[in-house]
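Contents: one structure, followed by commentary.
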Amino acid sequence: MTLRDHLNELRRTLVRSAIVMAVLFALGIVFDHVLLEFVWAPWNETREAFRAAGKLDPGPLIFLGPASGMVAAFRVAFLAALILGSPYYLWELWRFIGAGLLFRERSAVRRAFLPGVALLLVGMAFGYKYLLPTTLSYLLDYIDPGLAVAQVTVDEYLGFVIALTMIMGFVFETPLIMWAVARAGLMKSSTMGK
């Protein structure tokens, strides 16, 4: 294949992925209320837990600018499109780079792909379902309400949710990374055990 052929294939791959992203983003905008309720659920559960424990309710999430609510809905729709479309994007990426890999390299990627995706999703789910509510409760209760009262913006909350869930997704990837490093011969497993 010539360089021009590679570039044309890359362009086709990017266009197909962009079309899928645009369609999923549009669906995310149509169902933005459902997505926002899903993302807001840990915040609302924390508020309920505070009220049940007789603590000061941190109140609803607030937005400070006229467009902040719409921007938050767009961010959530984009992230949903990215997450839901990720199998397709990864398949397109595999189609593009897989042809240039040696048989041994393709075999290693195939063996690590499904566990890698599974570990990432399990880590993100763990971060969302278990770590996020616990962390919110701890952080909101850290300072005595007599000293300061929390008023959390939509942007701050959304950034926190994204960061925490993504970090946990990558933390759950650690065993796979260690396996790949040992498999590639970059480090012995006995060294990692120390």
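Overview of results
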item: Hits in the stretch 32-62 (condition: of a type outside the set (Val, Ile, Thr), within 21 Å of the chain's Cα centre (by Cα) and surrounded by fewer than 14 Cβ atoms within 10 Å (Cβ to Cβ)); result: His33, Glu37, Phe38, Asn44
item: Those helices (runs of 4 or more DSSP H) lying entirely in the stretch 124-194 with at least 2 residues over 21 Å from the mean Cα position of the chain (by Cα) and at negative phi; result: 132-141, 174-183, 189-192
item: Close pairs from the stretch 10-28: first touching a residue at least 12 places away in the same chain (Cβ under 8 Å) and open to solvent by less than 60 Å² (accessible area, probe 1.4 Å), partner in a helix (DSSP H, G or I) and charged (D, E, K, R), Cβ under 6 Å, at least 6 apart; result: Thr13/Glu92; Ser17/Glu92
item: Test: residue in the stretch 63-71 that is in contact with a Phe, Trp or Tyr (Cβ under 6 Å, 6 or more places away or on another chain), surrounded by 12 or more Cβ atoms within 10 Å (Cβ to Cβ), part of a helix (DSSP H, G or I) and not aromatic (Phe, Trp, Tyr); result: yes
item: Verdict on Ala80 being within 24 Å of Val171 (Cβ to Cβ) and either open to solvent by less than 70 Å² (accessible area, probe 1.4 Å) or not small (Gly, Ala, Ser) (or both); result: yes
item: Search result, residues across the stretch 1-56 that are among the aromatic types (Phe, Trp, Tyr) and in a helix (DSSP H, G or I); result: Phe25, Phe38, Trp40, Trp43, Phe50
item: Val152 β-branched (Val, Ile, Thr), modelled with pLDDT under 95 and buried (at least 17 other Cβ atoms within 10 Å of the Cβ); result: yes
item: Arg95 being loosely packed, with under 14 Cβ neighbours inside 10 Å, basic (Lys, Arg) and touching a residue at least 24 places away in the same chain (Cβ under 8 Å); result: yes
item: Residue in the stretch 77-88 that is over 24 Å from Phe160 (Cα atoms) and in a loop (DSSP other than H, G, I, E, B) present; result: no
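The values are calculated or read from the model by the stated rules, or taken from the named source; none is laboratory data. Predicted, not measured: the structure shown is a model, and the values here were computed from it. FYI the Cβ positions are ideal-geometry reconstructions off the backbone, even for glycines, and counts take in every protein chain you see. We work out accessible area using only protein heavy atoms, side chains counted, and drop any ligands, DNA or RNA first. Shrake-Rupley method; radii C 1.70, N 1.55, O 1.52, S 1.80 Å.
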